[in-house]
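Participant: Quick one: this structure, given as structure tokens, is what I'll be asking you about.
Throughout, read-outs are computed from the coordinates displayed, never taken from laboratory work. Source: prediction; values computed, not measured. Note that each Cβ is placed from the backbone with ideal geometry, even for glycine, and that neighbours are counted across all protein chains shown.
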């Protein structure tokens, strides 16, 4: 993942008051609220292997000619913390549906699927707000703290700000770690009218964190873990530079796994009793049974490190508000399809926004 330093002299928002799986049909949870009936993904030629799909989708350069230049906006989410979003506003944004997009581990608002979601939303006449998690997108200087996989306070604060500014219904879509944040947010809200969240969608969500961390620790997934750790170590160095004396970097270079990193930094900083306690308490699975808004989970049977079995638990399958769709192929956050699979080659983006649009009609 690539991080970019962003400007901090930002204008106010116009909304503000001032491995390959065998071929099989997609599986849906028996308790689904709605039948997600769009065509199954047909992987583009040469992308039938989960690893190949994952790497290709991550590395392929994409352009979005229909998107205007985004507005960079800072949202204050706590007294000492701001987060950066890149916002695509319609010419008359007030009252329009607004998509809030959440990225995965060590991603940012600039990763391809975030802009792909914005493109899908903007073409429908929606606003799109691509939210960087704390420290992401070159924003280490905007907060003294770290982010974690269950930190829903930040998107909640952003959505509340958008609601105050006069946006229409809000829909949320997250990928990977952003997907578990999305589902956890929905579960925490339950049937509350606290925020104008109409529906949510999660693509390859790390819904049970320990299950996903164990999967990425497999020898076949060494390259993914190496890449994540390379970025996490670099981020901690930038963090220590931005906040001198706040973080002890002794032994940082010796950390080789996400679990070791979380045990050393993420868990103790946020008051968890180690990585295992963090994974259990921060997982969206703890609140899945409380989801009361239309929710879509899109996953792939050949995802290298998000095992689909986690979506077959009763808290998910017995919830009539949750639709689960596990495609035979798609890799991790890939789903690059033949154009015959739909109007856009990135199948999951189109399906997620299609689902969300039905919820706000």
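Participant: Order the peptides 294-300, 143-149, 172-178 from the highest to the lowest mean number of other Cβ atoms within 10 Å of their residues.
Facilitator: Listed from highest to lowest mean packing, they are 172-178, 294-300, 143-149.
Participant: Another question, if that's okay. Run the numbers for residue 59 and residue 253: contour at 0.36 nm per residue of separation, minus the present Cα-Cα distance, in nm.
Facilitator: 67.3 nm
Participant: Over all directions, average the projected area of the Cα convex hull of region 177-240 and note it in nm².
Facilitator: 6.2
Participant: 222 nm [θ] for the chain, helices only, -39500 (n - 2.57) per DSSP H run of 4+, per residue, to 500?
Facilitator: Result for the chain, helices only: -9000 deg cm²/dmol.
Participant: Hey, another quick one. Restricting to bridges with both residues inside the chain, how much of the DSSP beta-bridge set is antiparallel, in percent to the nearest 5?
Facilitator: Roughly 35 percent of the DSSP beta bridges within the chain come out antiparallel.
Participant: Measuring from the lowest to the highest alpha carbon on each principal axis, how far does the chain reach, largest first, in angstroms?
Facilitator: Taking max minus min along each principal axis of the Cα atoms, the chain gives 54, 52, 38 Å.
Participant: Measuring from label point to label point, each 7 Å out along Cα→Cβ, what is the residue 71 to residue 243 span in nm?
Facilitator: 2.9
Participant: Taking the mean number of other Cβ atoms within 10 Å as a proxy for protection, how do you rank 302-312, 326-336 from highest to lowest?
Facilitator: Descending packing order for the listed peptides: 326-336, 302-312.
Participant: Of the DSSP beta bridges with both residues in region 81-150, give the percent that are antiparallel, rounding to the nearest 5.
Facilitator: 45
Participant: Another question, if that's okay. Given Cα positions, please report Rg to Rh for region 291-361, the hydrodynamic radius being the Kirkwood one.
Facilitator: 0.99
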